[in-house]
Structures are given as structure tokens and as C-alpha cells.
Amino acid sequence: MRTDEPLRHFVHYASHDLQEPLRAVSGYSKLLSSHLGEHADATTRRLLEQIVGGTNRMSSLLKDLLDFSTLGELDWQVQRVNSAEQLTRARSDLAQEMRNSQALVEREELPWVNADPLALRLLFRALLSNAIKFRRGSHPHIRVGSQAQTFWVRDDGIGIAPAYHHQVFEPFRRLHTLDERPGHGLGLALAQRIVERHGGRIWIESNPDFGITVRFRLEGEP
């Protein structure tokens, strides 16, 4: 057994079995809030909102951990993949996030590449989700394209100062508090892990005033 297998088993347990009690806590809190209605004072309403917010953040963390740990268990099947199709599937995975943020995702022509289909889907999903989380207000605008087999995902969000470009790929590395921005610092770490498993590289170009562009290149079998 590989040394990281017990950790992966725990993550799977946590991600699946702990979701149900989290949903229950969130659901009962919402029911209680509805039941109390106008009779709830400001403090009670605030505490119930904090309970729902906390369970939602925990649920999001478990999902991120599951995605991150899944890479270690993938039976990597590198094949010719239509990257546009995997981007479409990633967008479908994020349908609710996109509706809530009113995100607009546009793409240029994307090539066929040698990649594991699920891994490429997870890669696009991580990058789109990251762009949505670090948007400026509502209606984030995200563009996806490629040139000479190098992909790029460009947003109009808050950007990242150059001094932090390498740090944001570290797992659980956050530049903002949870009160300021959602997420757990796993999105870009997941993206880097996928790209490097394909022998490629990933990097960021950014101006804090004009969002970021994440570029990556896949170079064959992991």
C-alpha cells in the first residue's frame, strides 16, 4: 500500500459520508429560520446565517479535497482528447456557480491534445472556478483559448501581484481570508498537479488591476 493511500481513503470517507450531516445541519438551520420568521431577533438570525455559511464552506472544502485526492487514484488513460468538449463538461459541472455569479465564459477554437479526459476536465473546472471566486463584483468575464498548443484562461477579476505568482500553486495557500473570498487554496494546486502529471508546465500572468491569465501546456503522458 502506498503511504498516501490511508489519507486518500479518509478523504473519500469525509467527502461522501460527512456531506449528509452537513446538509442536515444546513437544512435544519434554514427550517428553524423559516419557522421563527419575524419572531427571530437579529442575533438569532445572524447565528443561523453563520451556521449555514460554515456548513457550506465545509462542504466546499470536502469537495475540493476529493478532487485533489482523486488524481492519485486516476487510472490515467492518455488519449487524443477534444479539449473543447472537456471545457463544456467543466462548465456543466459549475452550472450553479456560473448562475449565481452570472459568469460569462467564452472560448476560441481549442485543439485536440494528448491527455487524460477526466484530468483535463478537472483542470478546466479548477481554473474556471478560481476565476469565478476571484471576480470583481458580478458578471465575471472569462475567456479560454489556445495558441501553438499552449492554453490560456483569462479573467477580469482582482488579479494577483507578481510576488505571489508561485505561491498560489501551493496547496492551501490563500492570499485572502474566507470572509473576503471563498475557496480553500486547492484550485490552482490541483491545476498544477494535473499539468505536471502530463509533463507540462503552468504559469500566471497578472496585473492586479486587470485580472489574471493562467497559461498551461501539456507535453504528453503522465
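The values are calculated or read from the model by the stated rules, or taken from the named source; none is laboratory data. Just so we're clear, the structure is a prediction, and the values are computed from it rather than from any experiment. Note: ideal-geometry Cβ built from the backbone for every residue, glycine included; neighbour counts use all protein chains shown.
Can you tell me which residue in the stretch 23-49 is surrounded by the fewest Cβ atoms within 10 Å (Cβ to Cβ), limited to those that are more than 18 Å from Ser59 (Cα to Cα) and of a type in the set (D, E, K, R)? Of everything passing the filter in the stretch 23-49, Glu38 is surrounded by the fewest Cβ atoms within 10 Å (Cβ to Cβ).
Within the stretch 96-109, the set of residues being buried (at least 18 other Cβ atoms within 10 Å of the Cβ) and in a loop (DSSP other than H, G, I, E, B) comprises Ala103 only. Filtering Gly145, Gly200 for residues that are at pLDDT 75 or above and within 25 Å of Gln77 (Cβ to Cβ) leaves a single hit, Gly200. Restricting Arg181, Arg125 to residues that are of a type in the set (D, E, K, R) and either at pLDDT below 90 or at positive phi (or both) narrows the list to Arg181.
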